[in-house]
1. Any residue at all in the range 197-207 that is surrounded by 20 or more Cβ atoms within 10 Å (Cβ to Cβ) and farther than 25 Å from residue 44 by Cβ?
2. Give the residue, chosen from 146, 159, that is under 15 Å from the mean Cα position of the chain (by Cα) and more than 15 Å from residue 229 (Cβ to Cβ).
3. Looking at residue 89, is it of a type in the set (Gly, Ala, Ser), at pLDDT below 85, closer than 15 Å to residue 139 by Cα and not assigned by TED's automatic domain parsing to the domain that holds residue 218?
4. Just to check your reading of the model, which residue among 52, 14 is buried (at least 19 other Cβ atoms within 10 Å of the Cβ) and either at pLDDT 90 or above or on the phi < 0 side of the Ramachandran plot (or both)?
5. Which condition does residue 59 not pass, out of (1) within 20 Å of residue 218 (Cα to Cα); (2) among the polar types (S, T, N, Q); (3) modelled with pLDDT of 65 or more, if it passes all the others?
6. Looking for whichever is on the phi > 0 side of the Ramachandran plot and not in a strand (DSSP E or B) here; the options are 141, 216. Which one fits?
7. Would you mention how many residues in the range 167-194 are part of a loop (DSSP other than H, G, I, E, B) and closer than 16 Å to residue 223 by Cβ?
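The values are calculated or read from the model by the stated rules, or taken from the named source; none is laboratory data. Worth saying up front: this structure is predicted, and the values here are computed from it rather than measured. FYI the Cβ positions are ideal-geometry reconstructions off the backbone, even for glycines, and counts take in every protein chain you see.
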Amino acid sequence: MEITTYNATLYSPLFYSSSEGVLISADRILGSTALTYSFAYTLGLLKKHYRLNDDDAVNHNYKELVDIGLFISDGKPIDVSFKEETFKSTEYLSERSLTVTVPSQPEGDMGRFSRTEPKLMSSDAPVSINKMRRYIGLAPRSTFEFTVWSKASLPEDIFLTLGIRRSGELRLKKAKLADKVHLNMFMLKEVYGISEKMLHDIIKVSGKFARGSDFRKQHFLDVDFKFVNEKIIPMILR
């Protein structure tokens, strides 16, 4: 068993959905679900599914993470900022998707949307906006910390990509082993099958239980590392 704590630095904006609606915002905590998939793909522990059919396309099989010999804590935010705003819209009449990135403004100025095709293909008139959604992501230079337990050896320095279209670039560097970690309740209960009794025991050795807008965004914060290593990991990495 190899255990490594990583300091992770974001090198490009990271967009993913923690809350949805007109405003789609990323959470401060990086979920271990996304981190585990990204790590597994990068290390070749999982094969990418480029095409899913029927029920598999709707209900994702997270159980495939059970047998890869890897367990990852949630990404604990160390220094996080939200500086980027992306506005997306669809012009239904021409079925063209438009994406416009506008710097964040105190007044909330959304700027002016314009057509994306060459001038000769259409008029220069402002585009007809039928639907608009606002994305707020994690800004570059945001930093996180998380710990990885693995049956195989782990690199000291590695790049991961995650988020919408896997556009968020995260660089990991080995650091001093953490004494407390964040854990994801969805992963523990629904993926790894940790019992209700053990979940209650985790609460006792954690600093706080954070409820999110989605059942996959519920976290045990600052759980004692020794407890995780001695009580939880043997149940997951048998």
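1. yes
2. One residue alone meets the criteria, 159.
3. no
4. Checking each option against the conditions leaves just 14.
5. Single failed check for residue 59: (3).
6. Exactly one of 141, 216 is on the phi > 0 side of the Ramachandran plot and not in a strand (DSSP E or B), namely 141.
7. Selection size over the range 167-194: 5.
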